[in-house]
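The values are calculated or read from the model by the stated rules, or taken from the named source; none is laboratory data. All values reported here derive from a predicted model rather than from experimental measurement. Ideal geometry is used to build each Cβ from the backbone, glycine not excepted, and the neighbour counts take in all protein chains shown. Only protein heavy atoms, including side chains, enter the accessible area calculation; ligands, DNA and RNA are left aside. Shrake-Rupley method; radii C 1.70, N 1.55, O 1.52, S 1.80 Å.
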Amino acid sequence: MTSVVATATTPKIAINRHVNSVLFVMNNSYNYSLPTHPYLTAPYISVIVHNAAEYSRSLPTFPNNHRSTTITKTNEIGGAVGRVVAKLGMGELATGGGWGTSFDGEKGLPLIAEYGGFFLDIIRFMTRHRLTACPGFRYFGHYIVDFVKNRLIVTAEFDSRDESYSWILNWLSEHPYSARATQFSVSTTISRTGRPLTGEGIDALSPPIYFLPSAGFHILTYRCRLLWLSHKQVISPTGVPLESISISALGRSRALIQMLITEARHIYIERDTSRTIIFVADQYGAWRRTRSRPKRPLDTIVLDSTLKQSVIEDLREFLTSEQWYSDRGIPYRRGYLFYGSPGSGKTSFIYALAGELGLNIYVINLSSKGLTGDTLAELVTDTPTRCVLLIEDVDTAFVHREKGEEKNNVTFSGLLNAIDGVAAQEGRILCMTTNHVTRLDPALTRPGRIDVRCFFDLATRSQARELFARFYPHLPPDTRLPSEFAARIPEKKFSMAALQGFLMGYKRDPEEAVRKVEEWIESGGKGEEYGDNENGIGDGNGEEQKGGEGENSVASVTNVAGDKELNVTMDGNESDWE
Ligand SMILES: Nc1ncnc2c1ncn2[C@@H]1O[C@H](COP(=O)(O)OP(=O)(O)OP(=O)(O)O)[C@@H](O)[C@H]1O
């Protein structure tokens, strides 16, 4: 029999690989050999003994004759062992049988029970009764399983609240196992928190069908290695249905599972390359991927082409000048303000720009109820280094600042801190939109926060002509219909959104659209099935929108830094904006 020796005064531990007993030597006055079972592994016993030896210093001296132990001493020792057991994280084991009570109620050999509590009593009970693996495993099973798991199995967990969950679902849907599985779930979306993702939902012509392993346990292979997968559905404490997937493989190396995750992410991102992904801030201050849109080509935005080119070039230059900013100690950020009439293409232009540059869009709604200054700052910090951060209708949030009547949880200074505080993410492009530029506080639009301002006006005739031509792309090249349509549209009276709405009523009949447009104009742009857009009608003046310099332009861009004339008008004069 090999023994493990623990002494109270000099805790020396010698563990034999095939340990089958533990010998306690306490001050040389008391020895006790605790037989163990071969199924209790040496490392496991060693942990117990090591900790017991550490604590044994504080134990009272053992009596020479342990059989004469009094109840008082029993309790003292039991308490000490209880502390040992608690330290080992096995507190529940020490309480089950009660101190000083033998596990099997047997008299005569109470020492272990009395001095060791329930935990040691169990060992004694097992060995006395020659009980082998079965009850031992039942009792210590989860420790053994944990031990084996930690040393022999690699597991990765994926939670449906995280983006990585979508990667794995997507990967699984393409794995041959999903096509073969006899227990599978059918889905038309690869969804996270129930929301459709790429190419799914209303923008898909015919919804795709995904076959996924159903909830439960599955075994599959990856690169000729065995994997097992557990797919669980749970309800969170707040009542939200959640899902989790854990994928495990034999071995201690994480390489295989890391490879799988990288591959899953790659496949998933590949699906998105032709799309712009939109993230929206949720009420808990975290980014949630909401949807993805096919990238909108820039030429579908009917604006002065020089203007579009100027903005795109400005952005491209920014994205490649990190070192330039760093050399001069300038925060590496760029701010754009898109202002002007409602429905003139501000948001559409931003989406098209993001698509052109391959950036994702992170949308913040300042009026969102749960949003506070702190969560806003966190959100801005959490954006990736290359992205478009979009704050729409920024005027609506702080119109009453001077009266101290801010309607939101986010204060004006909270917003300023978030967008240019030290924690604000480097490399991000901030885009703000407003229909009422004069209502904006100058502090918000000062250079450094806003570097480029783009003005969008109501539709001109030339815009109307181009819109018509794009709407009916199959018209013969020599057709006069676009010009006839444009000739009937008053200059800067209607928004592009309103004109588009009108044309939607005549999707397949351009001649009819031209015939009906005057009638529509006379009705003030109302009454058409798709053309009823109250916001679409301007006063033809748009004074509030112009900011002083855009009167003759459909859209104009001003570079606040004054280092580059982008288009149409440019003066870089702050006073024009206040
Ligand atoms: N210049 C334009 N070129 C092409 N389509 C446009 C243009 N302006 C507006 N539209 C169309 O009108 C609709 C509304 O446009 P968008 O939301 O971009 O306008 P907006 O200026 O952001 O409006 P708001 O200020 O009300 O948010 C979109 O469907 C868009 O395609």
Subject >> Candidate set: the range 424-444, residues that are among the polar types (S, T, N, Q) and open to solvent by 10 Å² or more (accessible area, probe 1.4 Å); chosen: the one farthest from the chain's Cα centre (by Cα) >> reply: T438
Original post:
Among the residues of the range 359-371, which ones are open to solvent by 50 Å² or more (accessible area, probe 1.4 Å) and either more than 25 Å from V311 (Cα to Cα) or more than 18 Å from the chain's Cα centre (by Cα) (or both)?
Top reply: S367, K369
Subject >> Unique residue being open to solvent by 60 Å² or more (accessible area, probe 1.4 Å) and under 30 Å from A497 (Cα atoms) when the list is R265, R289, R275, R296 >> reply: R296
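So, F468, is that one in a helix (DSSP H, G or I) and within 14 Å of the ligand (Cβ to nearest atom) or not? Walk me through it before giving the result.
Details: in a helix (DSSP H, G or I): yes; within 14 Å of the ligand (Cβ to nearest atom): yes.
Considered against the rule, which asks whether it is in a helix (DSSP H, G or I) and within 14 Å of the ligand (Cβ to nearest atom), F468 comes out as yes.
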Original post:
Does the range 487-521 hold any residues that are within 16 Å of the ligand (Cβ to nearest atom) and open to solvent by 40 Å² or more (accessible area, probe 1.4 Å), and which are they?
Top reply: E491, K493, Q500, M504, K507
Original post:
Any idea how many residues of the range 336-350 are in contact with a helix residue (DSSP H, G or I) (Cβ under 9 Å, 6 or more places away or on another chain), more than 6 Å from the ligand (Cβ to nearest atom) and more than 16 Å from D395 (Cα to Cα)?
Top reply: 1
**OP:** Kindly indicate which of L315, L353 is within 16 Å of the ligand (Cβ to nearest atom) and open to solvent by less than 30 Å² (accessible area, probe 1.4 Å).
**Re:** L353
